[in-house]
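All remarks here apply to the structure that follows.
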Amino acid sequence: MIKSAMPDKRFEPAAPGQLKLLRESISGHCHRVELFLHVLGLDYEKIEIHVSAGETRTDEFRKLNALMQVPVLWHGARLICDSNAILYYLAHEFEAWMWWPRDIELASQVQRWLSVAAGELLVGPVVARRITVFNRDFDQRKAIEASDRFLRFLEDHLRGRQYLVGRSPTVADIAIYTYTAHAPEGAISLAPYANVRRWLSTIEAWPSFIPMEKRDIPPPLNCGS
């Protein structure tokens, strides 16, 4: 672990009733939270955390999140870690029921997509992007194959649908969007997936949409391209 020489005020709680987001600009997990904050029209303080420089490995940061991950959200003195947990918190704390339906069947479908975001999306496009953008030592072939499986599943699900759950956007779309849109940065072509590309364009046309910083796009390696 990295020991801090003096207290880091960036990690302190937010002022009462205020929001403070500790994030990294090129993290898709952080972007999904920022996108939701913008969609909800919420003001927040943005604190850049440099993961590659070891800022999540300090003793002080580990007191916030022992898993040494961003994003981390302060809402006043409340501390919420994990992007999907933060999406849940924001939807419920600010009663954004359009985004997290009260109907139990629709809510269970939203929860399913959060599981997909932490499962199939993670082992496919997320890992593929980590290999090319962050030079992580993962099995690229397995990541490419997992990405195509996920994208075929998403393509089939979106056939005849505008959004992932019901007839309006939900947290499900927020959770799945970023890493799908940035899959080409992991050498994953989206060209074979017309429904996926249409869905991405729909989200990007939202008045409150904000993009994530883009990285270089390498030649595609997936068999669908």
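The values are calculated or read from the model by the stated rules, or taken from the named source; none is laboratory data. A quick note: this is a predicted structure, and the numbers were derived from the prediction, not measured. All Cβ positions, glycine included, derive from the backbone under ideal geometry; neighbour counts span all protein chains shown.
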Index of the failed condition, Arg197 passing every other in (1) assigned to a helix (DSSP H, G or I); (2) in contact with a Ser or Thr (Cβ under 7 Å, 6 or more places away or on another chain): (2)
Taking region 207-219 and keeping only residues that are under 17 Å from the mean Cα position of the chain (by Cα) and surrounded by 11 or more Cβ atoms within 10 Å (Cβ to Cβ), one is left with Ser208, Phe209, Ile210, Pro211, Met212, Lys214, Arg215
Matching residues in region 82-105 (surrounded by fewer than 16 Cβ atoms within 10 Å (Cβ to Cβ) and either aliphatic (A, V, I, L, M) or modelled with pLDDT under 95 (or both)) number 3
If we ask which residues in region 14-56 are of a type in the set (Ser, Thr, Tyr), out of contact with any strand residue (DSSP E or B) (no Cβ under 7 Å at 6 or more places or on another chain) and surrounded by fewer than 19 Cβ atoms within 10 Å (Cβ to Cβ), their number turns out to be 1
Which of the residues belonging to region 183-194 are surrounded by fewer than 24 Cβ atoms within 10 Å (Cβ to Cβ), not hydroxyl-bearing (Ser, Thr, Tyr) and not in a helix (DSSP H, G or I)? Ala187, Leu190, Ala191, Pro192
Filter region 92-125 down to residues that are of a type in the set (A, V, I, L, M) and within 15 Å of the chain's Cα centre (by Cα), then give me how many there are. 8
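Restricting to region 151-176, count the residues that are assigned to a helix (DSSP H, G or I) and either surrounded by fewer than 24 Cβ atoms within 10 Å (Cβ to Cβ) or of a type in the set (A, V, I, L, M) (or both).
12
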Could you list, ordered by first residue, the pairs with Cβ atoms under 8 Å in which the first is in region 46-75 and under 27 Å from Glu93 (Cα atoms) and outside the structural domain of Ile26 (by TED's automatic domain parsing) and the second is part of a strand (DSSP E or B) and of a type in the set (Val, Ile, Thr), at least 6 apart or interchain? none
